[in-house]
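Shown next, in structure tokens, is the structure this report addresses.
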Amino acid sequence: MVKSTMRTQRTKRSVFILHLVLVVLEIIAARYMLAKEGLPVFRYYTVDSNVLQLFVSLWYLVCLIRKKDIPSVLAVLHLVSAVCLTVTFMIAAFVLMPQSTFAYYFLENVAPINHFLGPVLSLISLMLSDVQIPKKALFAPSVATILYGGVALILNMAGVLKGPYFFLEINTTPLKTVVLWFAVIFLLCIGLARAYMALHRFLCRHRKGDR
């Protein structure tokens, strides 16, 4: 009983530290990006996902400091941020980087935070959380991603926005390419969400079994 209590306290402390580190890193990244480009920086899926993680981590810290239960909606938002940040990592690593350089997407300025540290720490903190993720949250990351893509497409069609990713440039990119990329990313979000939810349930059961 004493060991399980100590283990629970260590886990909570680890979660607290992870979210504190995430808040510090995400504030550094957000300040840099805003100073560099101003509000238009929010056109990037990467920036939006990292800002969402900042919001999630701040909310977690408030709940942990006040010793309040983590609400289900926060668990859902954490799943969304973890999945979306993983998508940013995968798109940067396997789609965008081959067209540029590794340094640009993973080493320069705040790129390590946006494309690597944010995704990794978000996922680890999600897996350490004992808060149950509702089954209905499965489609939340894909819905959030499609919402972003839909708004970006409309702004591209209206000529208000260009990109910021080639598959969003509807005026110059073949429709079948746009549809294909939307389908791939939609399915990727569902696959990642399903995998993360399954792993989270397994780890929660494992931790409870040790108590």
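The values are calculated or read from the model by the stated rules, or taken from the named source; none is laboratory data. Keep in mind the model is a prediction, meaning the values are calculated, not measured. Methodologically, a virtual Cβ is constructed for each residue, glycine included, from the backbone with ideal geometry; neighbour enumeration extends over all protein chains shown. These area figures cover heavy atoms from the full protein model, side chains too; ligands, DNA and RNA do not enter into them. Shrake-Rupley method; radii C 1.70, N 1.55, O 1.52, S 1.80 Å.
So here's what we get for this one:
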quantity: Distribution of pairwise C-alpha distances over the stretch 31-81, 5 Å bins, in %; calculated: 5, 20, 23, 18, 13, 11, 8, 2
quantity: Per-residue HN-Hα couplings for the stretch 121-131 [Karplus 6.51, -1.76, 1.60; θ = phi - 60°; Hz; x = Gly/Pro]; calculated: 5, 4, 5, 4, 5, 5, 5, 7, 6, 9, 6
quantity: Computed accessible area, Thr172, all protein chains, 1.4 angstrom probe, square angstrom; calculated: 100
quantity: Cross-link table Lys68/Lys208; Lys68/Lys135; Lys12/Lys68; Lys136/Lys176; Lys12/Lys36; Lys67/Lys208, entries beyond 24 Å C-alpha to C-alpha; calculated: Lys136/Lys176; Lys12/Lys36
quantity: Residue-wise HN-Hα coupling along the stretch 160-176, computed from phi with Karplus coefficients 6.51, -1.76, 1.60 (Hz; x: Gly, Pro); calculated: 7, 10, 10, x, x, 10, 4, 7, 9, 7, 4, 6, 10, 9, x, 4, 5
quantity: Point-charge dipole on Cβ atoms (K/R +1, D/E -1) for the stretch 62-179, about Cα centre, debye to 20; calculated: 320
quantity: Percent accessible area from carbon and sulfur atoms, the chain, protein chains only, probe 1.4 Å; calculated: 70
quantity: Hull-based mean projected area of the stretch 74-211, where the convex hull spans the alpha carbons, in square nanometres; calculated: 9.5
quantity: Leu34/Lys176 FRET efficiency (R0 35 Å; Cβ-Cβ; nearest 0.05); calculated: 0.45
quantity: Computed helical MRE - 222 nm, the chain, DSSP H runs ≥ 4 contributing -39500 (n - 2.57), nearest 500; calculated: -24000 deg cm²/dmol
quantity: The chain, accessible area per residue, ligands and nucleic acids excluded (1.4 Å, Å²); calculated: 55
quantity: Segment Thr11-Asn109, length gained on full extension (0.36 nm per residue, minus Cα span); calculated: 32.1 nm
